[in-house]
Structures are given as structure tokens and as C-alpha cells.
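Values in this text are rule-based calculations from the coordinates and carry no lab data. Quick caveat: nothing in here was measured; it's all calculated off a predicted structure. For neighbour counting, all protein chains shown are included, and Cβ atoms are generated from backbone atoms with ideal geometry for every residue, glycine included.
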Amino acid sequence: MAKFVLIGSGLAGGLLAAYLGRRGYDVDLYERRADPREGNIVGGRSINLAISTRGIHALEEIGIADEALRNAIPMRGRMIHDKSGALHFARYDVDPKKCINSIGRAALNTTVIEAAQRYSNVRVHFNHKCTDVDIDSATARLETANTAVTAQGDAVIGVDGAFSAVRISMQHAISKFENDESYLAHGYKELTIPPGPDGSWLMEKNALHIWPRKSFMMIALPNPDGSFTCTLFWEFEGPRSFATTKTNDEVRRFFEEEFPDAVPLMPGLLDDFRNNPTGSLVTIRCSPWFYQNKVCLVGDAAHAVVPFYGQGMNAAFEDCVVLDECLEQFRENRELAFGEYFRRRKENTDALADLAIGNFIEMRDKTASKTFRAKKKLDHALEALLPGMYLPLYTMVTFTRMPYAKAAKRARIQDGLIYLSLFLIAVLLVASMVWLIAS
Ligand SMILES: Cc1cc2nc3c(=O)[nH]c(=O)nc-3n(C[C@H](O)[C@H](O)[C@H](O)COP(=O)(O)OP(=O)(O)OC[C@H]3O[C@@H](n4cnc5c(N)ncnc54)[C@H](O)[C@@H]3O)c2cc1C
């Protein structure tokens, strides 16, 4: 059986190692950080994430969905907080059973790594940082605290996130490699709403909370211990931005003006704001994702997206399912398997990248408007009226496994038909009025 060297045991790395382990491949998984079970999890990254149908399907396929979702908290809709503190709840779907789930990154990471380690042919090596890859010999060069080592396989898979060392090696070695990294003008900072005194949730537990403020926003997802993790998405630069809001007074004033109902729930606000890092938001589009039968990219390493559709991890997990299917389809020819995986995924992750950027505008701006809420109600009414025929875009992306590009295309057609129908109804009404007046 072939030997795979995997770089990165984040969410997708652990899961992919389990899939490859199940296929009987020899797998060595190298991670630059310490074992997450020692409490050293992905510093600065989102503490919790929303997992939905695609991600859950990938966990089910390998038999770990129940274990992974044991402490997940269902979120049935968006809870919009306006500036006056008034709340508006909008369900995600007409079917109340359809929800997204808040799940802890550290716990999920541990679950996928342990799933991989159940296969005796999978070995995980923490504290090994990949510096680069010789793509012709499928050899990764790695550094530990005190030594440099190499790991050679039949193939190296880069599952090492948005700033992938494997992708950079491909970029250096492949003359026609395309690599586009685009950053939003917004960064993000995580803040905390701690649990109530009795460990209860101080806001509605089963909702994703949004404070939309046009050019920026804050969101909050619930955690099992009664706390919420809030994320402020805000401009790095500008008259009111991370750059200009530094002192405690400035931070307090900004929060009291913009998020007055949240401030009393955030006793550690000033410390969190000062101490927590400000992360950047990047979209990666690159091509190709593979080199011969030697190297392949999976997850954020191939297609990092901004987090506003809650799909980055879901898409990375879907990659694992598709790559596994392609390795089955082309058992004897790994290059064809990698090529087919790239063909099936690329247009879909490109479509997701666009959807994710579009959803930022929707979340931070449109969710606050009455027109948006009316459109969502119309969506749900049409979905109930035309079951199976009309599916809102959010539903297709979040609650089905329809390819992202197909979902985006179908939504454009549906929207076109709605606008055409509304136009025809308006024309008919005007024509009837004219006829009534004339007769
Ligand atoms: C603020 C925020 C909120 C998000 N919310 C959601 C959400 O709600 N739902 C959702 O689906 N997605 C969400 N995402 C996206 C999600 O976090 C990513 O898509 C997901 O983590 C991708 O998994 P990955 O395994 O490809 O990469 P990562 O999770 O980044 O894992 C990469 C791993 O590789 C390791 N590594 C990196 N470089 C090296 C190296 N040189 N050598 C060895 N190891 C290395 C890293 O330490 C890490 O463990 C969010 C992202 C952000 C930033």
C-alpha cells in the first residue's frame, strides 16, 4: 500500500488521516503544534464553529458524527440585536429541525485525530513543522525543537491551512502555478460573554447572535459551559477602526455606542480586547491543487474562504469525502485520482469563496433591514409552497450537499424568476386598473 505524508493535523488533516487509514494506506501525519489534548490548541483562531450538513456527513461516513456532536449546540436561526437592544429572531429554514451547530474547535480536533489514531497504520507526530517539500520526490523537510528531519512518502498531502508550506513549495516548483491571496479590509477579534452565575446562558442559547452595524458587525456563538464566544469583524484602518480604538475609554465608548445590550454581559471586555489577537481574513484561490501523483492540497491550504457562510471547515471536510471517493475510483492511478478530486472541487470552492464574501455584506448590513426579513419570509413561504422545487440559497448551501456552484447558479435563476413574477404581477395590476378606469 502507498505511503502518504500529511502535513497539518488541524480539522481536515485529522479527518483525512482517518479516511486514508481506513483505506489501509500507511499514513504519517506531521503537525507543527503540540498535541491538542495537552491544551495547546490553535491559538487566535475561532474557539467554536458552526458545523452543518456537509461537515456532519463527512463525520458520519467515518462513523464519528455522534461522538463529535455530543456537546454541540443547535442554533435554529439568527438573533438580530439592533442598537436599541431590540431582538428579532429569523429561523434559518422553514423546517424547524434544520439548524446549524456550534461546536468547539479543540474538541472536534481531538475527535478527528483520535479517529485517525484508531487505525494502526496511522502515526501522528506533533511538534514537527514542515519548512518545505521537494515535490518531485514527495519528501517533506521538517523541523522539531532540536533537529531537522525528512519524511518521504509516495505522496505528500498539504492539509496545513491557509498559509500552507506545501502550497508555497508547489508555487516555487511549478512554473504555471496560480496563487491568489486576497485579504479583506476587516480583521476579527474574539471576545467572551461568560456564563451566568448558575452556568446558564445569558442570551438565547439556540441562536447565532448578530449585531449588524452596516460596515462592521459582531456575532456570538454559544458554548456548552454557558458562555458565548463573540467575534467582532471590524475595519483594520479608518476613522473608526481597530487602528484608532486603543485606549480603554475608546474601546468602552465604541462598545457602549454600538453594542449597548452586550456590554453588561462582557465583564472582561477591556482585557479581552487588549490581549486577544486581531486576525486577518483571507481568501485563497490557487491552481492546480496537485502535482503528478506526488502532491495534493486539501482544505484551507487549497481554498481558504472568509468565515461568513460558516462553510470553511464544512468544505474542507467535504474535500476529504471527495478525495476518498476519487482514490476509490482510480485505485491504480493516484494522479488521475488527484486530478478528478481537483476537477470536482475547484469550481465549487471558487463559488463558495464568492458566496462567503457576499454573505458578509448580508450579515453585517442587510440582516438589519425590513426588506431582508421580508425576503427571508418570502423564501420560506415559497419553500413551503413549492417543496423540492424552490430552495433558498442558504438552505442549499447549509442544509444540502448540492455542489456549491450549482446552488449559486440555481439561486440566481430562482431570484430571476421571482423578480420576473413580481414584475408581471405589477404590470397586470396596472393594466387592470387602467382597464377599470377606462370602462
Ligand atoms: C474566525 C473564523 C471563524 C470560522 N468559523 C467557521 C464556521 O463557523 N464554520 C466553518 O465551517 N468554518 C469556519 N471557519 C473556517 C475554518 O476554521 C477552516 O476552514 C478550517 O479550520 C480549515 O481546516 P484545515 O484543516 O484545512 O486548516 P486548519 O484548521 O488551519 O489546520 C491546519 C493545521 O496545519 C498546521 N500547520 C500549519 N502549517 C504547518 C506546517 N508548516 N507544518 C506542520 N503543520 C502545520 C496548523 O497548526 C493546523 O493544525 C472559520 C474561520 C475563522 C478564521
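Quick look at the numbers
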| item | result |
| --- | --- |
| For the chain, calculated [θ]222 nm from helices alone, where every DSSP H run of n ≥ 4 adds -39500 (n - 2.57) | -13000 deg cm²/dmol |
| Computed log₁₀ I(q)/I(0) - Debye formula, equal Cα scatterers, no solvent, the stretch 360-427, q 0.18, 0.19, 0.29 Å⁻¹ | -0.78, -0.86, -1.34 |
| Nearby aspartates and glutamates by direct alpha-carbon distance to LYS409 (threshold 15 angstrom, same-chain neighbours under 8 apart not counted) | GLU347, ASP350, ASP354 |
| Percentage relative contact order, the chain, counting C-alpha pairs under 8 Å, at least six apart | 19 |
| The stretch 123-185 versus the stretch 1-36: alpha-carbon centroid distance in Å | 14 |
| When the convex hull of its Cα atoms is projected in every direction, mean area for the stretch 110-238 (nm²) | 13.6 |
| Most to least packed among 352-365, 303-316 [average Cβ atoms within 10 Å] | 303-316, 352-365 |
| Descending semi-axes in whole angstrom, ellipsoid equivalent of the stretch 60-110, from the Cα gyration tensor | 29, 15, 6 |
| Violating pairs (Cα-Cα greater than 32 angstrom) within the set LYS189/LYS370; LYS3/LYS97; LYS176/LYS246; LYS246/LYS370; LYS346/LYS366 | LYS3/LYS97; LYS176/LYS246; LYS246/LYS370 |
| Cα pair distances in the stretch 211-250, grouped into 5 Å bins until the bin that holds the longest one, percent each | 6, 20, 21, 21, 16, 11, 6, 1 |
| Kyte-Doolittle at least 0.0, axis length at least 27 Å by Cα - qualifying DSSP helices, the chain | 404-438 |
| Percent of Cα-Cα distances greater than 27 Å, calculated over the chain | 56 |
| Long-range Cα-Cα pairs in the stretch 63-183 (distance over 26 Å), rounded percent | 51 |
| Dimensions in Å of the stretch 243-343 - Rg and Dmax from alpha carbons | 21.7, 65 |
| Ordering of 319-327, 172-180, 405-413, 76-84 by packing [mean C-beta count within 10 Å, highest first] | 319-327, 76-84, 405-413, 172-180 |
| Part-to-part distance (alpha-carbon centres) for the stretch 325-382 and the stretch 230-300, which is given in Å | 23 |
| Positive dipole terminus of the chain, leading residue within ILE62, LEU142, VAL5 (C-beta point charges) | ILE62 |
